[in-house]
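Participant: Got a structure for you, written out below as structure tokens; questions coming shortly.
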Amino acid sequence: MPLDAICLRAVLHELRPQLIGARIDKVQQPARDQIVLLLRGNLRLLLNAGANQPRIQLTNILRDNPAQPPMFCMLLRKHLVGARVLSIEQPDLERMVILTLQCTDEFGEISQKQLVLECMGRRSNLVLLDAQGRIVECLRRVDADLSATRQLLPGLFYHLPTPLDKLSLLSQEEDSLALAQRGGDAEQAVDKWVLDHYTGISPLIAREFAFRAGHETDVRFGALNDAQRGALVQEFSDTANAVKEDNYMPVILYRDGKPVDFTYRSIAQYGAETQVETRESFSQMLDEFYNARERQELSARRGRELTHAVTVARDRMARKAENLKRDYAATQKRDEFRLRGDLITANLYRMKSGEKVLHAENYYEDGCPAIDIPLDPLLSPQQNAAKNYKQYNKLKTAEFHLREQIEKAENERAYLESVLQEIQQAETEQDFLDIRGEMSDAGYIRKQGKKVLQRPSKPREFKTSGGFRVLVGRNNRQNDKLTLKDADYRDLWFHVQKLHGSHVILCTNGGEPGDQDITEAAGLAAYYSQAKDSANVPVDCTQVKNVKKPAGARPGMVVYSTCQTVNVTPDEALVKRLSAEKKESKKPRNDEVDYLAEAQNELKAKLCRGVKIVSGRKKGRIELEYYGLDDLNDLLDALALIKINKAKEGPQA
């Protein structure tokens, strides 16, 4: 469902305590319609202006960024990095968010800018305004050809969209309740009438009003009695009070194990086939709802061309294999030509030139049955015999070559099937770039004229219950690198049996993993394969030293021996749990956190200014605040005089 105005108000009510006063450290644009603001305090604010899923939320999902940031992203970095969030407002019950920011320009001057998110379906947009309300830039420019009434172009003053001629439960409560008391025509559906006359209400909530009043989602006003009309008015009143008091509850709806809708209040209109669940926060609910949809949208957008090219190549290879098999079946009848040659040679004494058929006895079979052998009247009897012997030898030689060609065609078709499986499981932009590069090297896709900057992708990483690291390849080339180069010969290698899937490495570091560790690694191999939706999937497990790559084989193709088979059922919950354990293991230790906090407080006291120490896995950085060039000079002088206490020891490794 699109994010309605009341649900958007609930999200903003949740975000304000966390965002007001926060400073923007980084600006990222992982997708065309997405902007991520990295705020101090390890917060990631997502602003999505896509037509299908516009929203604002805090997200825990790490999105891959393009190697070359878009122009809009670089402009936002210029204006917003270092800015502080002053306020977050929503005009009445409109699907709009206005972030007011305190910024410092390149001359050290402090000013205010506004970032406006319009969550209005296909007209969604993200607009940056200066202190005078002029448009600095917008994600989608709207000129007079696109809209004659409202243009969004740099340099123009920004104006809010014209509000719809509908009532608001927030600012027009009395009129809204009076209209609800009157109701609509007898033949008019209640939910349609609610959508036509009230702003900020989604179709889901309109149906819920109708259900709670008339016990049916498609009930009409003519079927409501006085008590039911009163119940409808009460629903409007309760909703208006909840909005004014900011009383909301994150609710997500599941059907067949997949999220289908979300809202800010309890839902009773669905039966037992739909599960109604609550979440701790709206941001968590939105991450959960949109995560799978974003992957599907990315796969549909980026994978469409790849899927088409690979599917065409696979179908062409399948037709080639069928034709080769048909030709191979014809070679199995070659003995008939040798028989004809033998019988023609045996009957040369009674044959004459120009004959079209030879009537002979087949002395190779019991009883010597009669047989008719077709002849070429333009050839002599000896030439007809030689022609049949030549055809026999031709088919005999073709049998050997056709067997090789069929094997190559089948291997190539299997390879293309594995690429299709990779495309279906691709999650990030880099995954699609890697697959495209693989297809370009194989000659199935024309190489792009402009060289695209690529970052080396990393395999998926998990951690078992026993603490062993598990690596899962994302594509065929990464599978080869993971298995044949990166893995230790003592590590365990997993792959689904007789189907396409990722190579999975259980890193043992010379240790002995337990049965649960092996079962969990096998579950990952089954999940990232063609058997993802199956049950009781056989997964082969062997040491890496037993896995070999045949000479000339396509990427991802290996052979192995001396394996054991583990039967598992793919489980998405297991994948999420092992991924969460991996993230938990990367968190800094408590003693390290305490030491960094102590050092940060000491620097603050000595420098009398804001200090932040950011720790990384291999290196860290210290961020210092200053205001203007004079203040920067004073800061540099203070740093030159400060004495570092080397006697203090950090956390022990």
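The values are calculated or read from the model by the stated rules, or taken from the named source; none is laboratory data. Note that the coordinates shown come from a computational prediction; the quantities given were computed from them, not determined experimentally. Cβ coordinates were reconstructed from backbone atoms using ideal geometry, including for glycine residues, and neighbour counts include every protein chain displayed. Ligands, DNA and RNA are stripped out before the accessible areas are found, and what is left, the full protein with its side chains, is counted by its heavy atoms. Shrake-Rupley method; radii C 1.70, N 1.55, O 1.52, S 1.80 Å.
Participant: Where nothing but the Cβ of Lys and Arg (+1) and of Asp and Glu (-1) is charged, how large is the charge dipole of segment 1-137 around its Cα centre, in debye to the nearest 20? Please list the in-between numbers first.
Facilitator: On the way: 17 positive and 14 negative charges, 59 e Å.
I would put it at about 280 debye.
Participant: Would you work out the relative contact order for the chain, in percent, from Cα pairs under 8 angstrom that are 6 or more residues apart?
Facilitator: For the chain, the relative contact order is 7 percent.
Participant: How large is the direction-averaged shadow of the alpha-carbon convex hull of segment 36-157, in nm²? Let's see the in-between values first.
Facilitator: Values: hull surface 35.3 nm².
With every direction weighted equally, the projected area is 8.8 nm².
Participant: With point charges of +1 on the Cβ of Lys and Arg and -1 on the Cβ of Asp and Glu, referenced to the Cα centre of the chain, which listed residue (A525, N225, G214) lies farthest in the positive direction of the dipole?
Facilitator: Checked the options; the winner is A525.
Participant: Which of the listed residues, T278, N291, A318, is farthest toward the dipole's positive end in segment 275-319, when Lys, Arg count +1 and Asp, Glu count -1 at the beta-carbon?
Facilitator: Farthest along the dipole direction, towards plus: A318.
Participant: Calculate the FRET efficiency for K356 and D256 from the Cβ-Cβ distance with a Förster distance of 56 Å, rounded to the nearest 0.05.
Facilitator: Values: r = 70 Å, r/R0 = 1.26.
FRET efficiency, K356 to D256: 0.20.
Participant: On the accessible surface of the chain, probed at 1.4 Å, how many percent belong to carbon and sulfur atoms? Write out the running numbers ahead of the final one.
Facilitator: Details: 17660 of 35740 Å².
Of all accessible area on the chain, carbon and sulfur atoms account for 49 percent.
Participant: Let me check something: with ligands and nucleic acids excluded, how do H79, H215, H401 order by accessible area (1.4 Å probe), largest to smallest?
Facilitator: On the way: H79 40, H215 130, H401 95 Å².
Solvent-accessible surface, decreasing: H215, H401, H79.
Participant: What size of dipole, in debye to the nearest 20, comes out for segment 249-312 about its Cα centre when the only charges are +1 on Lys and Arg C-beta atoms and -1 on Asp and Glu C-beta atoms?
Facilitator: Details: 9 positive and 10 negative charges, 44 e Å.
I would put it at about 220 debye.
Participant: If you take the square roots of the eigenvalues of the alpha-carbon gyration tensor of segment 515-557 and sort them as a ≥ b ≥ c, do you get rounded (a/c under 1.5), prolate (a/b over b/c) or oblate? Show your work: numbers first, answer last.
Facilitator: Values: a/c = 3.25, a/b = 1.52, b/c = 2.14.
Cα axes put segment 515-557 in the oblate bin.
Participant: Contact order normalised by length for segment 488-564, with contacts defined as Cα pairs under 8 Å and 6 or more residues apart; what percent is it? Display every interim value, and only then the final one.
Facilitator: Values: 122 pairs, mean separation 25.9, N = 77.
34 percent.
Participant: According to a simple spin-label model (label point 7 Å from Cα along Cα-to-Cβ), what is the distance in nm between N567 and S266?
Facilitator: Taking the simple label geometry, S266 and N567 are separated by 4.4 nm.
Participant: Can you tally the net charge around P250? Count Lys and Arg as +1, Asp and Glu as -1, for every other residue whose Cβ sits under 9 Å from the Cβ of P250. Present the calculation step by step, with values, prior to reporting the outcome.
Facilitator: On the way: positive: R279; negative: E14, E280.
Result for the local shell: -1.
Participant: Tally Lys/Arg at +1 and Asp/Glu at -1 over every other residue whose Cβ is under 13 Å from the Cβ of T345; what's the total? Each step should come with its number before you reach the end.
Facilitator: On the way: positive: R338, R340, R350, K387; negative: D342.
Charge balance near T345 sits at +3.
Participant: Right, here's the next one. N241 to K396: extension gain in nm, 0.36 nm per residue of separation minus the Cα-Cα distance?
Facilitator: Working: separation 155, 0.36 × 155 = 55.80 nm, distance 8.81 nm.
Length gained between N241 and K396: 47.0 nm.
Participant: Rounded, prolate or oblate: which fits segment 250-289 when a ≥ b ≥ c are the square roots of the eigenvalues of the alpha-carbon gyration tensor, with rounded for a/c under 1.5 and prolate only if a/b beats b/c? Before the final figure, lay out each step's value.
Facilitator: Details: a/c = 2.56, a/b = 1.44, b/c = 1.78.
Since a/c reaches 1.5 but b/c is at least a/b, the shape of segment 250-289 is classed as oblate.
Participant: Among (1) 49, 38, 21; (2) 68, 45, 30; (3) 65, 38, 26, which one is semi-axes √(5λ) of the Cα gyration tensor in Å computed from these coordinates?
Facilitator: The value matching this structure is (3).
Participant: Once Lys and Arg get +1 and Asp and Glu get -1 on their Cβ, which of Q382, L93, G367 lies farthest toward the positive end of the dipole of the chain?
Facilitator: Farthest towards the positive end: Q382.
Participant: Quick one: length gained pulling L146 to N42 fully straight, 0.36 nm per residue minus the C-alpha distance? If you can, show how the numbers build up before the last one.
Facilitator: Numbers: separation 104, 0.36 × 104 = 37.44 nm, distance 3.94 nm.
Result for the pair: 33.5 nm of gain on full extension.
Participant: Give me the dipole magnitude in Debye, nearest 20, for the chain about the Cα centre, with unit charges on the beta carbon: positive for Lys and Arg, negative for Asp and Glu.
Facilitator: Working: 96 positive and 94 negative charges, 602 e Å.
Value, rounded to 20: 2900 debye.
Participant: With every protein chain kept in place and ligands, DNA and RNA left out, what is the accessible area per residue of the chain? Probe 1.4 Å, answer in Å². Kindly include the intermediate steps, with their values, before the conclusion.
Facilitator: Working: 35740 Å² over 653 residues.
On a per-residue basis, 55 Å².
Participant: Calculate, axis by axis, the spread of Cα positions in segment 295-420 along the three principal axes, and write the results as whole Å, longest axis first.
Facilitator: 79, 32, 20
Participant: Please list F72, F107 in order of solvent-accessible area, largest first, computed with a 1.4 Å probe with all protein chains present.
Facilitator: Details: F72 20, F107 165 Å².
Output order, biggest surface exposure first: F107, F72.
Participant: Go ahead and estimate [θ] at 222 nm for the chain from helices alone: -39,500 (n - 2.57) per DSSP H run with n ≥ 4, summed, over the residue count, rounded to 500.
Facilitator: Details: 15 runs with 260 residues, N = 653.
So the helix-based figure for the chain works out to -13500 deg cm²/dmol.
Participant: Which chymotrypsin sites (Phe, Trp or Tyr not before Pro) in segment 336-439 sit in a loop by DSSP (not H, G, I, E or B) and have at most 15 other Cβ atoms within 10 Å of their own Cβ? Mind showing how you got there, number by number?
Facilitator: On the way: sites: F337, Y349, Y363, Y364, Y389, Y392, F400, Y415, F432; in loops: Y363, Y364.
Loop-located and lightly packed - Y363, Y364.
Participant: Let a ≥ b ≥ c be the square roots of the eigenvalues of the Cα gyration tensor of segment 1-96; is it rounded (a/c under 1.5), or, if not, prolate (a/b larger than b/c) or oblate? List each step's numbers first, then the result.
Facilitator: Details: a/c = 1.82, a/b = 1.27, b/c = 1.44.
Note, shape of segment 1-96 comes out oblate.
Participant: Of the lysine pairs in segment 270-398, how many meet both conditions: Cα atoms under 29 Å apart, and a spacing of 8 or more in sequence or different chains?
Facilitator: So the count of such lysine pairs works out to 24.
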